[in-house]
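Have a look at the structure below before the remarks.
The values are calculated or read from the model by the stated rules, or taken from the named source; none is laboratory data. Just so it is clear, the model here is predicted, and its values are computed rather than measured. Cβ atoms come from the backbone with ideal geometry, glycine included; neighbour counts cover every protein chain shown. For the accessible areas, the whole protein counts, side chains as well, though only heavy atoms, and no ligand, DNA or RNA atoms are used. Shrake-Rupley method; radii C 1.70, N 1.55, O 1.52, S 1.80 Å.
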Amino acid sequence: MGSTIELWVLRRYTNTSCLQLYSRSYLVKEKKQQQKKMKGLHTLKPEPSIPFNRFHALLYSIAILALVFNRCSSLMNNNTYNGLSVIMFSFLILLAELVFALQWVTGQAFKWRPVHRREWPERLCEVVEEKQLPKIDVFVCTADPYKEPPVRVLSTALSAIAFEYPAEKLSVYVSDDGGSELTMFAFMEAARFARHWLPFCKDNSILVRSPEAYFNGSNDSYCSDASSRNIKIMYQNMKERVESSTETGFVSEDMLTSEEERRFFMKWKGFTRRDHPTVIQILLESSKDRDVSGAQLPSLVYLSREKSSTTPHNFKAGALNALLRVSGLMTNAPVILTLDCDMYSNDPRTPLRALCYLLDPKITPELAFVQFPQCFQGINDKDIYASELKRVFQINAQGLDGLCGPNYVGTGCFFSRGCFFSLPGSPSLGDIATSTTTITGVDESEEISSILQKAHEAMSCRYEHGTRWGFSNGFRYESVVEDFNTGYSLHCKGWRSVFCNPERPAFLGDVPMNLNDVLSQGKRWCVGLLEVAFSRHCPLTFGAKNASLLVGFCYARYALLGIWFIPITTYALLPQLALINHIPLFPKISDPWFYLYAYLFIAAYAQDLTEFIIGGSTFWRWWNDQRMWMIRGVTSFIFGSIEFTLQSLGISTSGFMVTNKVMGDEQSERYKKGMFEFGVASPLFVPLGIVAIVNLSSFAVGFAEVLRKEVSFDEMFVQLFISGFVMVNSWPIYEAMFLRKDGGRMPKIITILAICMTLLLVSLSLFIFRG
């Protein structure tokens, strides 16, 4: 039965056609003139920094080769210190430098041809009539009403429902992987509120159409007239009902307005997050429902796929594939937008920007998706946790855009539905489907009840057994970072993508605002990326062969993120322990080779800072970005690599965790002041404390011995500099361990454990080197 439904979805997709057929319909008359107009919808301009980047890459490559030569020569000609332990230290430093070199080489692919695009959505109406615009299906995923508050999720969905787009062509699907009655109740309330919210937004030309964001008053489109006050009261009433049910943990009968609703919520008796049947509820139906002004409303559908504790559910990728199948049965739009539950629309005309590319017949045959950058609200001035991720979401995305297009980042992405089922330039998806088997028993005039029955079957937990879903069809499995893996797979198949970065952020979201959540999220990313790196689809081999060498390097840079722990941890500990034991690991200041190390350090940091400043960031945000890179290196990357190794050996680990979107008032105030939030006794903080104390100790000991002339400043300068540099970056850690008294300080047990392990580490090094 599952294969029949799958083929029917493919046939329905074929009959309604893909974006290629939409774009071809515009070229019936005056084809050349129309193509010229389509071309005028967007432009592409290579960045002027390209020649400098390539020249710098050449010089830096020569310097790296010279460094490796010097290090190998020093290892082979080490006559000053004889001993296995010293050779081991030198070898580990060489290994760290080789990993640094590998990551630098792969990172240069992003700088080979960065480009800047611009689009003109206001010209789209001159080229495409409204009735010719393609349908759009919006996917919003949530999993836990306590970590992802329903009020925020429904605000995200409402911001998408309120797009400036024909209502009959827009459908929003909400996937609730937690199967929670709290989320379902929130969206029943949202459907009622939408009847008032949409006409209010249109009448007042509101730009921020997430009610939660709009009514906080910190946006440029807020108005305070009578209509705004009335709609705010209506929203606050809805919000109170939703939050009240979330606090109690259930939906009380007095919250429900009809007997039908009461019967519906009886379904949730006995539901758990891991075990529940499929639930599909059409909350708004475009062909029937109207807002208070009489205008047609977009469709809104709540879904919760069947879950069983005995069946793998493939996390978010599994939820997206269920949405892909059900939407194919119900609306079958050729364009799909994926949104995180906390990533609301900040510009109602965003779909038109995406269509400037998706409707261009010159690029449509190979265009899989249009990716908007992830932008975030509420980040403090200096971005202490580097939550902006500017390099990933903007700088590197522009670099990839000049090669094959940006990688998929999980949200803010408009897909062509066809890319999930076919190869670029395929003549017809129907040919692919009918070449395997004959579709029988399907009539496109079937009633909605029959379609809903098929939708229930398509969301069953056993539907995908024996199919190619998650491997060659749909969003990809085999990694918890389904976004990275999906984008990578599409690029390896020959599909391209486009990076759309308008001046006004298209979408705004929330970020973790305590260090434990930031590092836990980084650990999960590390595990998922390593799953791709050490699979048969390794970017250095499979990616380089099937996409291109440069594209393979770009994806390898991300996939091998976890191995950063090798050089970062090595440089965070070994030079410092060697300094305490009077062992030089680097050239003297008077040695000409010293200037090679100085050039490599200064040039890398200068280029990184320059790219941040040109990208519109600040010095302090760059400084915190490089600090968080080091912090993640000794925490997220270590624990992520360990977890990946255990998984590879078949040892069970903690598994997928939803990032917490809830934050207390005191924690929020500390974050706004730029204070790091520790607070919990997380094992992730232990290596952080060890590194901080080791560097403080080594700098103090080394500096004192230089003053006493027990060691040469000329000989130990580099190691003193490294210790001092790490020590300066570790100031928030010292502050949390020894100075702060608030709730965000480092727990005493972590501080004591870090001190004890530091003493053990230093004692061990003294025993090894001094006997």
3J(HN,Hα) from dihedral phi, segment 687-693, Karplus parametrisation 6.51/-1.76/1.60, rounded to Hz, x for glycine, proline
x, 5, x, 4, 4, 4, 6
Which of the trypsin sites (Lys or Arg not before Pro) found in segment 479-550 are in a DSSP loop and have at most 16 neighbouring Cβ atoms, other than their own, within 10 Å?
493, 536
Magnitude of the charge dipole, the chain, Cβ model with Lys/Arg +1 and Asp/Glu -1, debye to 20:
1580 debye
Mean accessible area per residue over segment 39-134 (1.4 angstrom probe, all protein chains present, square angstrom) is 56 Å²
What angle, in degrees between 0 and 90 and rounded to the nearest 10, separates the Cα long axis of helix 636-648 from the longest principal axis of the Cα atoms of the chain?
70 degrees
Dipole magnitude (debye, nearest 20) for segment 698-770, charges at Cβ of Lys, Arg, Asp, Glu
340 debye
Potential extension, residue 147-residue 760 segment - 0.36 nm per residue separation minus Cα distance:
216.8 nm
As straight-line cross-link partners of residue 135, the qualifying aspartates and glutamates (C-alpha separation under 15 Å, not fewer than 8 residues apart within one chain) are 164, 168, 285
Provide, for q = 0.29 Å⁻¹, the log10 of I(q)/I(0) from a solvent-free Debye sum over equal Cα point scatterers in segment 111-166.
-1.21
Hz values of 3J(HN,Hα) by residue in segment 618-625 - Karplus curve (6.51, -1.76, 1.60), Gly and Pro given as x:
10, 4, 5, 5, 5, 4, 5, 5
Expressed as an acute angle from 0 to 90° and rounded to the nearest 10, what is the orientation of the C-alpha long axis of helix 2-16 relative to the principal long axis of the chain?
80 degrees
Which aspartates and glutamates have a Cα lying under 12 Å from the Cα of residue 493, excluding residues fewer than 8 positions away in the same chain?
366
Could you check the spin-label model distance between residue 700 and residue 104? Points 7 Å from the Cα along Cα→Cβ, value in nm.
3.4 nm
Run the numbers for residue 233 and residue 381: contour at 0.36 nm per residue of separation, minus the present Cα-Cα distance, in nm.
50.1 nm
Roughly what would the spin-label model give for residue 203 and residue 738, points 7 Å off Cα along C-beta, in nm?
6.3 nm
Could you tell me which of 143, 704, 108 has its Cα farthest along the dipole of the chain towards the positive end, charges placed at Cβ (Lys, Arg +1; Asp, Glu -1), taken about the Cα centre?
108
Of the GluC sites (Glu not before Pro) in segment 122-167, which ones lie in a loop per DSSP and count no more than 13 other C-beta atoms within 10 Å?
129
Give me the net charge for the shell around residue 476: Cβ to Cβ below 10 angstrom, other residues only, Lys and Arg +1, Asp and Glu -1.
-3
Checked against the positive end of the charge dipole of segment 484-525 (+1 on Cβ of Lys and Arg, -1 on Cβ of Asp and Glu, about the Cα centre), the farthest of 487, 519, 501 is 487
Two decimals is fine: what is log10 I(q)/I(0) at q = 0.09, 0.14 Å⁻¹ for segment 498-656, from a Debye sum with one equal scatterer on every Cα and no solvent?
-0.44, -1.03
Taking a crude spin-label model, label points 7 Å out from Cα along the C-beta direction, the residue 261 to residue 310 distance in nm is 3.7 nm
Say R0 is 56 Å: what FRET efficiency, to the nearest 0.05, do residue 254 and residue 123 get from their beta-carbon distance?
0.60
Rounded to whole angstroms and listed largest first, the alpha-carbon spread of segment 153-295 along its three principal axes comes to 45, 32, 27
Give the carbon-plus-sulfur fraction of the accessible surface of segment 459-557 in %, rounded to a whole number; probe 1.4 Å, heavy atoms of protein chains only.
52 percent
Post the alpha-carbon centroid distance, segment 120-177 to segment 716-771, in whole angstrom.
49 Å
Roughly speaking, to the nearest percent, how much of segment 214-359's 1.4 Å accessible area is carbon and sulfur?
47 percent
For helix 713-729, report the angle its Cα long axis makes with the longest principal axis of the Cα atoms of the chain; keep it between 0 and 90° and round to the nearest 10°.
30 degrees
